[in-house]
Amino acid sequence: MADTDLMQLYSRRILALASDIPRLGTLDAPTGSAHRRSPQCGSSVTAHVVMQDGRIAEFGQEVRACALGQASASVLGALAVGLTRDDIAQATEQLTAMLKTDGPPPSAPFDGLEALLPAREFPNRHASILLAWQATLDAIDDSQG
């Protein structure tokens, strides 16, 4: 990976998102929690939710990931409360398509994920970017199980 590629990948926008992740931490009484870890890079995310009437009423996340994983978790943390499982699943599908099959960036309100578009060229970073979203889906499922 060339130095210019790294500079493009870790843009100011990505680093700004990574440095200010909303809803970091645990919840006092989550209805569901789930942990995801990428064996490829060692990044990990634990998501905690309180579900009420099919929507995320409270959200917390523990993020130990590279700047790209942190940036992705930042976008999620800013939006999670009020969303349904279907909302999170749709965003995850759109993010996966953007990264892996040259799909367009996710639609609003998840359009902030467009900052991660340069990571498309670095498949070894995709798992870290998807962790927070996958862990949140698993936490919602845990809540309903």
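The values are calculated or read from the model by the stated rules, or taken from the named source; none is laboratory data. Note that the structure is a prediction, hence the values are computed from the model and not measured. For neighbour counting, all protein chains shown are included, and Cβ atoms are generated from backbone atoms with ideal geometry for every residue, glycine included. Areas reflect the complete protein model, heavy atoms only, side chains present, ligands, DNA and RNA absent. Shrake-Rupley method; radii C 1.70, N 1.55, O 1.52, S 1.80 Å.
Using only Cα atoms, find the angle between the long axis of helix 85-100 and the longest principal axis of the chain, and express it within 0 to 90 degrees, rounded to the nearest 10. Roughly 10 degrees between the two axes. Here the simple spin-label model places points 7 Å from the Cα toward Cβ, and for T26 and D86 these points are separated by 3.4 nm. In segment 68-145, one over the average inverse separation of all distinct C-alpha pairs is 12.4 Å, which is the Kirkwood hydrodynamic radius.
Convex hull volume of the Cα atoms of the chain, normalised per residue: 96 Å³.
Computed from Cα atoms, the angle from the helix 67-79 axis to the main principal axis of the chain rounds to 40 degrees.
Charge tally for H35 (other residues, Cβ to Cβ under 14 Å; Lys, Arg +1; Asp, Glu -1): -1.
Computed from Cα atoms, the angle from the helix 126-144 axis to the main principal axis of the chain rounds to 10 degrees. Expressed as a whole percent, the accessible surface of the chain that belongs to carbon and sulfur atoms is 47, based on a 1.4 Å probe.
Each Cα pair under 8 Å and six or more residues apart adds its separation to the average, and for the chain the resulting relative contact order is 31 percent. Using a probe of 1.4 angstrom and keeping all protein chains present, the accessible surface of the chain works out to 48 square angstrom per residue.
Counting Lys and Arg as +1 and Asp and Glu as -1 over every other residue whose Cβ lies under 12 Å from the Cβ of L99, the net charge comes to -1.
Taking the average, over residues, of other Cβ atoms within 10 Å as the packing measure, peptides 73-82, 114-123 rank 73-82, 114-123 from highest down.
About its Cα centre, the chain has a charge dipole of approximately 300 debye under the convention of +1 per Lys or Arg Cβ and -1 per Asp or Glu Cβ, with nothing else charged. Between K100 and S11, residue separation times 0.36 nm minus the direct Cα-Cα distance comes to 30.0 nm. When Lys and Arg each count +1 and Asp and Glu each count -1, what net charge do the other residues less than 14 Å away from R64, Cβ to Cβ, add up to? Value of the local net charge: +1.
With the helix formula -39500 (n - 2.57) applied to DSSP H stretches of n ≥ 4, the chain reaches a computed 222 nm mean residue ellipticity of -13500 deg cm²/dmol.
Segment 44-101 gives an Rg/Rh value of 0.98, both radii derived from C-alpha positions and Rh following Kirkwood.
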